[in-house]
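Chemist: One structure follows; several queries about it will come next.
The values are calculated or read from the model by the stated rules, or taken from the named source; none is laboratory data. Keep in mind the model is a prediction, meaning the values are calculated, not measured. Cβ atoms come from the backbone with ideal geometry, glycine included; neighbour counts cover every protein chain shown. To get the accessible areas, we keep the full protein, side chains included, count just its heavy atoms, and leave off ligands, DNA and RNA. Shrake-Rupley method; radii C 1.70, N 1.55, O 1.52, S 1.80 Å.
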Amino acid sequence: MNGSVATQARLWLWQRVSAMVLGVCVLVHLAVIIHAVRGGLSAAEILARTQGSWAFGAFYTVFVLAAAVHAPIGLARIAEEWLGWRGLKVTVATHLFGLLLLVTGLRAVYGVVVP
Amino acid sequence: MTSNLKVKVWRGREEGDFATYEVPRLESQTVLDVVTYIQRRVDPSLSYRYACRVGMCGSCAMTVNGVARWTCRTHVSKVAKDGRLEIAPLSNLPVVKDLVTDMSEFFDKWARALGRFKGGTSRKDDFARVKPESLERRAVDAGIECIGCGACYASCDVVSWRPEYLGPAALNRAWTLVNDVRDTQRQERLGAVAGDAGCHACHTLATCTERCPKQLAPTAGIAGLKRLLARTKLEAEA
Ligand code: SF4
Ligand code: SF4
Ligand code: FES
């Protein structure tokens, strides 16, 4: 990523913090899956559990936010180090990708939570 | 110990090729002995660098069978595969000729990381008292024995990917100075080593630590710098 050294240091910190959040989220997510698939699973069953559940919605919103912060910073690294991209190109591409994660992720949460 | 070694040595600059030499295998022979034999007995036009021969000066590092090593303290018995050696200049540095690299960028980066001690007292002042068991002093001890050989720098992938990256040795040096309680440039130095050309670019893969012949752990120092920076407020345009 470009920008001042202070920004670069801050991005590094955000990536660390979002990684910690993601770590917890993934564990909870796996537990939820394992719990949910016991005794078969159908779309109707899932929606019956998720629709109107604010806890479910809040948890997955946090999950989506953390992913939308974490992934673009990591991708910026890869673009810089493996593709040799620098500057604006990296910023634009990774911001767009972050936005994509945010929109599709929140859309999915909305889809299963709001009745 | 009477057989011969087959030694491939890089000849040329960035463009060049390996030449093969036969070198008698001797007991307790080091890789530097092998290179010296070639230069003295076979081809005097071979260029390489060394000074102390005892692991102190840091000038003899080369790539031996693909790995950066201090050649004066590397025994042939440890690295030769079926009596074969391949000796090349260090990676990540421009080649001047044969086994000699241009280390200016390597040392310029030490300067960029403010790798120089700056005290605030004069000879008229009393000695500083630093407790040997203090955390800072122990951090300095762990990193201070660097001989500037560049083995870590040549082994670091991030240096290859980001030519502006300061690299393990310069950051290790900065870490020892950041922990030197007598130094007066701590804040500036932290600004100099932050960001994507500095400690935040390190992927903590520890190749540098694995390769350092002095068994230092630049990776640990770099992690220390990151931790410290997470708690430090940098100037907006540091
Ligand atoms: S730990 Fe950091 S400095 Fe050391 S080799 Fe890996 S990326 Fe380079
Ligand atoms: S840290 Fe180790 S490998 Fe790197 S220059 Fe110093 S002594 Fe050599
Ligand atoms: S010649 Fe001095 S360290 Fe090898």
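Chemist: Taking region B:205-238 as the search range and keeping residues that are charged (D, E, K, R) and more than 9 Å from every other protein chain (Cβ to nearest Cβ), which one is nearest to ligand 2 (Cβ to nearest atom)?
Modeler: Quick first cut of region B:205-238, residues charged (D, E, K, R) only: B:210-211, B:214, B:226-227, B:231, B:233, B:235, B:237.
Checking which are more than 9 Å from every other protein chain (Cβ to nearest Cβ) leaves us with B:210-211, B:214, B:227, B:231.
On the way: B:E210: 10, B:R211: 6, B:K214: 4, B:R227: 19, B:R231: 25 Å.
Only one residue tops the list, namely B:K214.
Chemist: Is at least one residue of region A:35-45 surrounded by 14 or more Cβ atoms within 10 Å (Cβ to Cβ) and either at positive phi or not hydrophobic (A, V, I, L, M, F, W, C) (or both)?
Modeler: There is no residue in region A:35-45 that is surrounded by 14 or more Cβ atoms within 10 Å (Cβ to Cβ) and either at positive phi or not hydrophobic (A, V, I, L, M, F, W, C) (or both).
Chemist: From the residues in region B:128-140 that are part of a helix (DSSP H, G or I) and touching a helix residue (DSSP H, G or I) at 6+ places or on another chain (Cβ under 8 Å), which one is farthest from ligand 3 (Cβ to nearest atom)? Before the answer, list the steps.
Modeler: Restricting attention to region B:128-140, the residues satisfying the condition of being part of a helix (DSSP H, G or I) are B:135-140.
If we keep only those that are touching a helix residue (DSSP H, G or I) at 6+ places or on another chain (Cβ under 8 Å) too, we end up with B:139-140.
Values: B:A139: 25, B:V140: 22 Å.
That would be B:A139.
Chemist: Right, here's the next one. Is there a residue being open to solvent by 20 Å² or more (accessible area, probe 1.4 Å) and within 16 Å of ligand 3 (Cβ to nearest atom) anywhere in region B:215-222?
Modeler: Within region B:215-222, the first condition is being open to solvent by 20 Å² or more (accessible area, probe 1.4 Å), and the residues that meet it are B:215, B:217, B:220.
This time we only want the ones that are within 16 Å of ligand 3 (Cβ to nearest atom), so: B:215.
There is at least one residue in region B:215-222 that is open to solvent by 20 Å² or more (accessible area, probe 1.4 Å) and within 16 Å of ligand 3 (Cβ to nearest atom).
Chemist: Further question: (1) under 20 Å from B:A154 (Cβ atoms); (2) in a loop (DSSP other than H, G, I, E, B): which one isn't true of B:P44, the others all being true?
Modeler: (1)
Chemist: If you don't mind, another one. Could you run through region B:141-179 and say how many residues are without any contact (Cβ under 8 Å) to a residue 60 or more places away in the chain, closer than 18 Å to B:A194 by Cβ and outside any loop (DSSP other than H, G, I, E, B)?
Modeler: Of the residues in region B:141-179, 7 are without any contact (Cβ under 8 Å) to a residue 60 or more places away in the chain, closer than 18 Å to B:A194 by Cβ and outside any loop (DSSP other than H, G, I, E, B).
Chemist: Counting just the residues of region A:12-25 that are open to solvent by 80 Å² or more (accessible area, probe 1.4 Å) and under 23 Å from B:L225 (Cα atoms), which one comes out nearest to the other protein chains (Cβ to nearest Cβ)?
Modeler: Ranking the qualifying residues of region A:12-25, first place goes to A:R16.
Chemist: Take the residues of region A:67-94 that are surrounded by fewer than 16 Cβ atoms within 10 Å (Cβ to Cβ) and either aromatic (F, W, Y) or under 19 Å from A:L22 (Cα atoms) (or both): which is farthest from the other protein chains (Cβ to nearest Cβ)?
Modeler: A:L75
Chemist: Does B:S122 meet the test of being away from chain A (no Cβ under 14 Å), over 26 Å from the mean Cα position of the chain (by Cα) and more than 16 Å from ligand 3 (Cβ to nearest atom)?
Modeler: Numbers: away from chain A (no Cβ under 14 Å): yes; over 26 Å from the mean Cα position of the chain (by Cα): yes; more than 16 Å from ligand 3 (Cβ to nearest atom): yes.
Judged against the criteria, B:S122 is a match.
Chemist: A further question on this structure: Pull up region B:185-204, narrow it to residues that are more than 9 Å from every other protein chain (Cβ to nearest Cβ) and out of contact with any Phe, Trp or Tyr (no Cβ under 9 Å at 6 or more places or on another chain), then point me to the one that is nearest to ligand 2 (Cβ to nearest atom).
Modeler: Among them, the one singled out is B:T204.
Chemist: With the structure loaded, tell me whether A:V28 is of a type outside the set (D, E, K, R), in a helix (DSSP H, G or I) and more than 14 Å from every other protein chain (Cβ to nearest Cβ) or whether it fails that test. Even if it seems obvious, please write down each step before you answer.
Modeler: Working: of a type outside the set (D, E, K, R): yes; in a helix (DSSP H, G or I): yes; more than 14 Å from every other protein chain (Cβ to nearest Cβ): yes.
It is true that A:V28 is of a type outside the set (D, E, K, R), in a helix (DSSP H, G or I) and more than 14 Å from every other protein chain (Cβ to nearest Cβ).
Chemist: For A:F59, only one of the following conditions fails: (1) surrounded by 12 or more Cβ atoms within 10 Å (Cβ to Cβ); (2) modelled with pLDDT of 95 or more; (3) closer than 30 Å to B:D196 by Cα. What is its number?
Modeler: (3)
Chemist: So, B:C72, is that one in the same structural domain as B:D33 (by TED's automatic domain parsing), outside any strand (DSSP E or B) and within 16 Å of ligand 2 (Cβ to nearest atom) or not? I'd like the intermediate steps shown before the answer.
Modeler: Values: in the same structural domain as B:D33 (by TED's automatic domain parsing): yes; outside any strand (DSSP E or B): yes; within 16 Å of ligand 2 (Cβ to nearest atom): yes.
In short, yes.
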